[in-house]
Each structure stands twice: as C-alpha cells, then as structure tokens.
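Here is the structure we will look at.
The values are calculated or read from the model by the stated rules, or taken from the named source; none is laboratory data. Since the structure is predicted, the reported quantities are computational estimates derived from the model, not experimental observations. Quick reminder, even Gly has a Cβ in these numbers, built from the backbone with ideal geometry, and neighbours come from all protein chains shown. All accessible areas refer to the heavy atoms of the entire protein, side chains included, with ligands and DNA or RNA removed. Shrake-Rupley method; radii C 1.70, N 1.55, O 1.52, S 1.80 Å.
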Amino acid sequence: MNLNTAETETADISEDVEAEVLCNNFWKLCISEYVKQNPEFKNTQLFTLLVLLNAYVPNSYLRMDECQQILGPPDLIHGGPPFEERMEPFTFLISPDPEHVTIIHPVIAQRSVELLHVLKINRSTTVKKLMHLLCGAESELRIAEYVKDLLTKREMGEDGQEKFSKLIRDIKKKERFYHAVSVLKCASEKFETNPIFPQTIARLYHKKDTTKAEEWAKDTTRAEKWAEKAIERAPNNSYMADTLAQVYKKRFIDAGQDILKKAQKAFQAFKDVEEKAENEALSETMEAADAESRSDTFNNRGRFGFIQVAKLAFEKPNYSPANIYPDIKTKVEEEFNFFEWYLTYSKPGMSTLEPHYFWSDVALCYEHYTNKRVAAFQDTSFPGLLDFLNHGLFMSKGRRAEFEEPEKTVSDLEKIQECLKAAYEENVEDIKLAERYILSNILLSNKMPDSPKLSPVNELQMIIHTLLGREEGSIRPEFYLLVLMLFWPENQLQVPQNKDDEEVGQKATKDSKSADSTWEDTNTVEERDKEPGEPAQLPADNMFDLNLQQYVTFMEDTFKKANYAKYLRGRYLLPLFFLGKGSGLSKWIHKSRLDAIVEEKVDAELKDKQNKKEKMRRINDLWLRGKVWHIPEIRDILLPVQTEPSSSAESQEHEEQEVCVCVGDQKIKARTEAQPPEPALPTTLFYLGFTIQGPVVFKVGDLNSDSDHQ
C-alpha cells in the first residue's frame, strides 16, 4: 500500500470517530431535549433539512436566503437576530460559511438523522417538508436535483447497482414500505413532468416481496399503472418502457392462465424497449435531438429482456414458443451474436461487470433453441474464438455464470487451428473465415509459441494483403486489428524499464531479429526454387511497407460503421491484446495471460480462498489503481513503448488524450487509458494494447519507486 494513502485513510477514520463523539456529546447535552420540546420550531425544521441533505447528498448545501426563507421573519436586515443566534442550540454543528450553509461533517449529519428518527422525526416526513418548503415555481434547479438524488440516485454496491436510492432503502427499512411510496408520490405531484418518480414507484411495487396471490396481483397492477404514467411523461424513453416490460415479464413468470397472451405482451413490450433504444442511439447523431431521448449508453434491456422471456417460454411445459413468437429461433441467434461480441469487447465500467446471470441466460437460451453448444468452435465467431483463452479464469463470463468451463489446452487450440486452416483453404474468399484462421494462430502462439502447427507470419500476412482491396462494406474492425498485429514492426525502439533492463532490451531486439530469421525465413532457399507464379515467402519486414496510421484510421472508421460505437458508447472497451517482448506472433499477449497472473497474485494473498466477493474486489482494485503494471511477472512479458504528445488539435476535443506511439520510423496515434487515482510520479512508461476501437496506451508509474511495492 502507498504509505501516504494509508496515512490519509487513518486520518479520515480518526476524524470520523471524533465527529461522531462530538455529535453524541452535543445531543446528550442540549439538542435532544430541545428537539423533544420544540419539534415544530423553524430552527429545528431547518436543522433537520440540513442533516438529511448532508447525510444523503454529498456536497449539498442551502444558501443563506433559502435558510432565511425557512426561518421566516424577522431577517437580520430587518432588525432580526443574527442567523447563528436563531439557530441555537444547533449552531455549533453548522458551518460558518454564510453562502453555503451545511453541517460541519457528514458523519454528524448521518448520526443526527438517526437520532432524529429516535425522536419520531422520520426521514420521510423531513424529505416531504423539504419539497414543501423549497420546491416552488421559482426554486433553484439545484434543489430539484437534490430531491432527485435523494429519491432516485442508485449507488453501486457489492453485487452491482442498488435497486433504490439509499434514502428510499432506509425509509423502507426504518419506517414502512408505504412511507417510501408516499414520499415518491409527493415528488411525482411536485415535479409533474419528470418521469423518474412514477417510474421509481412502479419499480417499488414490482420489486416488492409478497407471498399472497391477491396482494401480488394488486402490486403488479399498481406497478403497471405507475409505469404507464412514466411512459406518458417520457414516451420516447427506453428506460421508462423497460419498467413496464419488466412488469409484464413478472406476470409471465408466474402465469397461471392466459399464458400465451402474457408471453406475447412481454415480447411486444421488450420489442418496444429495443426500438426506443435504437432511436435513442440514432438521436445521438442528430443535431436537434430531443433531450429526453439522449442516453450516455445504449440500453440493452430490450434485447436482454427478449432473451429472458424466450428462455422462460422454452421452459414452460406444454407450450411451443413458436406459437408465441413465430421467428423466435432466428431472433435468439441474432441476440446471442450481439451479446457475444458486446460482452467480449466491453464491460459496463472499468471496475464493474454484468450480473452473473447475464451470460448464463444468453448462453442457455441459445443452446435451447439451436441445440448447439456455445463453446463449439466450429460455429464460433471471431469474438467467441477470442474469448477461448479466458476459459477457466475466475473473472471469465463462463465461470461467473457457473458453467463448467475447462481451460483450453494446447491440443485444443492446435485442433482448432487445423480445422480453421482446412476450412479457409476450401474458401479463400471468405473474409470472416480468414480472420478466424489468423486469430487461431495468434491464440495458439499465446499458449505455445513454438508449436509446429503455427503458420508462418509472412503466409498470414499474404492472406491479409490479398483481402485489403475488398469493398469497404465487407471490412470490420476485427480485420484491421489483425492488419496492425501482423504488420507491426519488429525493429521498434525498446524502452528500458530500469538500468538492468537496458542491456536486456538491446539483447531482446537482437533476439527478435534472430527469431524472425530462423522461424519465418527458414524456407527462403526452397522458395527460390518455386515454380513461377507461386507466392514468395519474403521476410516479414520486407514483404510490405504499410502505413500503419492509415489502418488505425480505417479501424476507427469501421468501429463506427459496424455500429460498435453506437452500442458500446459509455462502456469500458476491454484491451484484447498487449504488445510483449516476443517476436512474430508471440509478441502479442492476450489479456487472459495478465488476468491469470493477477488471479494467482490475489490467491496467494487471500486467507479465505472461498470468498469470491473479496477476490473480485481485489482483482478489480489492482486494475483500477493501475497496480497490475507493477507486478514483476507482467513487467517481464510486456514491452514498453516510446510515446510523444499528439500534435492533432482534434485530440484536445476528446475526453481521452491522444499520444503518438513511435514504431520504427512511424508515429501512430493512440488513445490513452484513464489514469489511475494515484499521485503523479516523476517518470512514466507506456504499455501498448488494442481494443476493438484501436490502439490504446497505458501509463505506468515509476517502476523503481519503493512506494509501488508496499
């Protein structure tokens, strides 16, 4: 652990303890009795509003004029007493800044909310009072945002995003379910055009646990009513439509009678969600798009909801899914193909994953309707093949879905490569087949760099080169990923990681050239004797002279044209390969090799080997904080690259920065990975990776710093 970080965390804990002790002492001495005697006094009401805001909305505040509005006359400028005097006995717990009135510490706010609850001043009563006193026609947008955050902002928990805001969860837990409903109804009436409040009420009823059939029916009816109200307020919003679709899915799950009708209604509802999500994505490219239809990410719930309903329909006894949805098999295959690349190329955030059941439902539904195993390589697409090396790892989507997923062996990969080679040779015009065949060689090289089954690099280059002139519409980002990997120069500048590595780096360059000549050029004498017209097996560096920056640009363009940009926007693009210290195909390191090293490190540190949540947390933390780059086993296989700032003015407009990677005599633009939340270090290195969008560089701190190894 970084020593400075540890000291800061210790100081924060100590400060929190002091704040709670201070709060408890003040309550015992003077506040508790005062609140009991004067619960309706204006200063008590203002204090309750401040503690509620500060406990649940970080950095929230009230302006002095808003405080005076609550306190009422006489104001100081009209001869009234000072604000500090009017707020006694709470003054000592309130910040002295007259422009931003807050509680002096969030722990005091949180503890005060709990102590007020003991005195029968509940959270639900307080938030209603906040809306009544401060949410008028002329109130600031800031206050409306506070209310929205209080009632609807959902945080990330250990198992993903929470179902409701912390305040709503606390009201349900500390008070009653209907107090939570009442608060949201009040907000729905106060903000009569905002759809999120009726949507949250619908979700409350939808998520409510009840065992009585009559009560369940009433709850789903109420949920449907409020979901429809949300849609009335935002008819083009896919997330509002999804809430109604979830209600219909729940009815189908527990369907007794009218099962066909309920299934059709659920299918139609999710189709509606998908159509609205597509329109939201389209609106991103329109100059005058309805703000209501804009979304930072593509809403996949329509497509996933279809999968869930289709899976449920298949598992219902005595019913044929085809009677419910005529083209269901084709649609299931389409959605499986979508989610296969969607989950292979991205995840929701840098440190978050889809729920464990996500891939389980997709894969099982596909197997139900096609009778094909998901892991059968004969029908595996490029992203499916790319995922093979993840099999068996703790963080793989198959393991998380609790599938039996053994690690792919060298023998498995050699068999895959042989079969794909034979298939390609029968149809050399098939671009997708060529891509899979080339990829199978790269994957096999990751498992066994000296496998006799590997095809020579220049042979694979020739395949790619013959396909470069194809019509643009048939080319995808996967193709240009292979172009860049196959033609990436061997003679690029090597950056020493420390003084001892300088000699090693020079030796690696010589070894790389030597490896190239012995592996790729062993047949040059034989090739001279080939019949005229046969393709010559030229040395890799001399066969073609490609402008790699041009193909980076092509890759980015096709990323948009293939709709990857549309569907993956707002998601974290996973690095698929990293540049390593090897040569030929073996210089490309599949991300699974890094994941295996990280998993082994975490396993060695864990005392409780069965604690999956803790293991996942630690793995995520190593990636999130950039600590993976400081693991010796990872440093031993990755090759640092030289970079320089990009001169492109356009790069300044991107949220990510751009740099130029120096490769031989070329300079190639690459995005930079988001910086880990670590202090700036005096020297840095860069490692190179590829996402499906293009090259990305990862900034690494000073590897010689002692603090990095604590």
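Between residue 606 and residue 37, the simple label model (points 7 Å from Cα in the Cβ direction) yields a spacing of 5.8 nm. Just the protein heavy atoms count here, and of the accessible area of the range 306-358 at 1.4 Å, carbon and sulfur take up 52 percent.
What are the GluC sites (Glu not before Pro) within the range 80-189 that DSSP puts in a loop, where the Cβ has at most 10 other Cβ atoms within 10 Å? It would help to have the intermediate numbers written out before the result.
Details: sites: 84, 85, 99, 114, 138, 140, 145, 155, 158, 162, 175, 189; in loops: 99, 138, 140, 155, 158, 162, 175.
Those that pass, being in a loop and sparsely packed, are 99, 138, 155, 158.
Using a 10 Å cut-off on Cβ atoms, rank the peptides 415-422, 463-470 from the highest mean neighbour count down. Can you show the working numbers first?
Details: 415-422: 17.2, 463-470: 15.1.
Going from most to least packed, we get 415-422, 463-470.
With the simple model of a label 7 Å out from the Cα in the direction of the Cβ, residue 553 to residue 662 spans 2.3 nm.
Using the alpha carbon gyration tensor of the range 42-99, what are the three equivalent-ellipsoid semi-axes (square root of 5 times each eigenvalue), largest first, in whole Å?
Semi-axes (√(5λ), whole Å): 20, 11, 10.
For the pair residue 350/residue 318, report the inter-label distance in nm, with labels modelled 7 Å from Cα in the Cβ direction. Placing both labels 7 Å beyond Cα along the Cβ direction yields 5.5 nm.
Note down the net charge around residue 64, summing +1 for each Lys or Arg and -1 for each Asp or Glu among other residues with Cβ under 12 Å from its Cβ. Walk me through the numbers on the way to the answer.
Values: positive: 63, 86; negative: 65, 66, 75, 84, 97, 99.
With Lys, Arg at +1 and Asp, Glu at -1, the neighbours total -4.
The mean of 1/r over all pairs of different alpha-carbon atoms in the range 164-242, once inverted, gives a Kirkwood hydrodynamic radius of 12.8 Å.
Quick one: plug the Kirkwood hydrodynamic radius of the range 39-154 (C-alpha pairs) into Stokes-Einstein at 10 °C, 1.306 mPa s, and report D in µm²/s. Calculated translational D: 110 µm²/s. Once backbone amide H atoms are built at 1.01 Å from N, residue 103 has 95 as its partners under 5 Å, excluding neighbours fewer than 5 places away on the same chain. Using θ = phi - 60° in the Karplus curve 6.51 cos²θ - 1.76 cosθ + 1.60, the 3J(HN,Hα) couplings for the range 224-230 round to 4, 4, 6, 5, 5, 5, 5 Hz; x is entered for Gly and Pro. Let a ≥ b ≥ c be the square roots of the eigenvalues of the Cα gyration tensor of the range 151-310; is it rounded (a/c under 1.5), or, if not, prolate (a/b larger than b/c) or oblate? Cα axes put the range 151-310 in the oblate bin.
The 3J(HN,Hα) values that the Karplus relation (6.51, -1.76, 1.60; θ = phi - 60°) gives for the range 201-207 are, in residue order, 4, 4, 5, 4, 5, 5, 8 Hz. Gly and Pro appear as x.
Take 268-277, 34-43 and order them by the average number of nearby Cβ atoms within 10 Å per residue, most first; the result is 268-277, 34-43. Near the amide H of residue 191, within less than 5 Å, lie no amide hydrogens of residues on another chain or at least 5 residues away, with H placed in the peptide plane.
Calculated on C-alpha atoms, the gyration radius of the range 104-194 divided by its Kirkwood radius gives an Rg/Rh of 0.97. What the pair-distance distribution of the range 316-406 shows, using all Cα-Cα distances binned every 10 Å from zero, is 15, 49, 26, 10, 0 percent.
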